[in-house]
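What follows is a single structure, written as structure tokens, with notes after it.
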Amino acid sequence: MEIIASILSGRNLALLGAALAAGLAGMGSAKGVGMVGEAGGGLLSEDPSKFGKLLILQVLPGTQGIYGLITAFLIIFKIGILGTPIDLTIAQGAYFVMASLPIAIVGYFSAIKQARVAITGVNVLAKRPDEVGKAITSTVLVETYAIFAVLVSLLLVLFAAV
């Protein structure tokens, strides 16, 4: 019973929240960036001069991973892992898990959805390179929801009562 109590601590729950934020958003970004990279490989083999525009489309799904990482770092700093550790109750630790969920969940799914839009942008770039700005704009619109999610997570972490 004592082992379970030491594992299920407030600090460990808060660290789980940090891991979820960075891990899930990062997984979605890695998958999304990879999807766009795969789609762009054929285009680059035909026309390497389009690399710069393709890179913009490919990097966009990676931002959700950055948002998750920022949220994770903020949790780590807030609970004092890199400074003076703060004793957290289980309820406080669970709060950090809940605070991490918006960017963890929305970050994962929006990165993949954004990659799908970016892949259509790769097709636009292949056929109508002068219209790629419209494709980039469409891809950026998906980002809006990741931004909303990271704002919610960051506000919850910043204003956590610890």
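Coordinate-derived values only; no laboratory data. Fair warning: this is a prediction, and the values are worked out from it, not measured in the lab. Neighbour counts run over all protein chains shown; Cβ positions are idealised from the backbone, glycine included.
Listed by chain and number, the lysines whose alpha-carbon sits under 16 Å from that of Lys127, ignoring those within fewer than 8 places in the same chain, are Lys50, Lys53. Taking only alpha carbon atoms, region 1-117 gives an Rg to Rh ratio of 1.19, where Rh is the Kirkwood radius.
For region 107-162, applying the loop criterion from DSSP together with a ceiling of 15 other beta carbons within 10 Å to the trypsin sites (Lys or Arg not before Pro) yields no site. Spin-label pair Phe77-Thr89: with each label point 7 Å from Cα along the Cα-Cβ axis, the two points sit 2.7 nm from one another. Residues whose amide H lies under 5 Å from that of Leu88, counting only those 5 or more places away or on a different chain, are Gly10, Arg11; hydrogens are built 1.01 Å from N in the peptide plane. A simple rule links phi to the HN-Hα coupling: the Karplus curve 6.51 cos²θ - 1.76 cosθ + 1.60 with θ = phi - 60°, which for region 85-90 gives x, 9, 6, 10, 6, 4 Hz, with x for Gly and Pro. Karplus-based coupling profile of region 144-150, in residue order and whole Hz: 3, 6, 5, 5, 4, 5, 5, with θ = phi - 60° in 6.51 cos²θ - 1.76 cosθ + 1.60 and x standing for Gly or Pro.
Taking springs between alpha-carbon atoms closer than 10 angstrom, which of Gly52, Gly26, Gly80 fluctuates most in the Gaussian network model of the chain? Top of the fluctuation ranking is Gly52. As a proxy for reagent exposure, Ser153, Ser45 were ordered by neighbouring Cβ count within 10 angstrom, fewest first; the result is Ser45, Ser153. Taken about its Cα centre, the chain carries a charge dipole of roughly 240 debye when the Cβ of each Lys and Arg holds +1 and the Cβ of each Asp and Glu holds -1.
Axis angle, to the nearest 10 degrees, between helix 10-46 and the longest C-alpha principal axis of the chain: 10 degrees.
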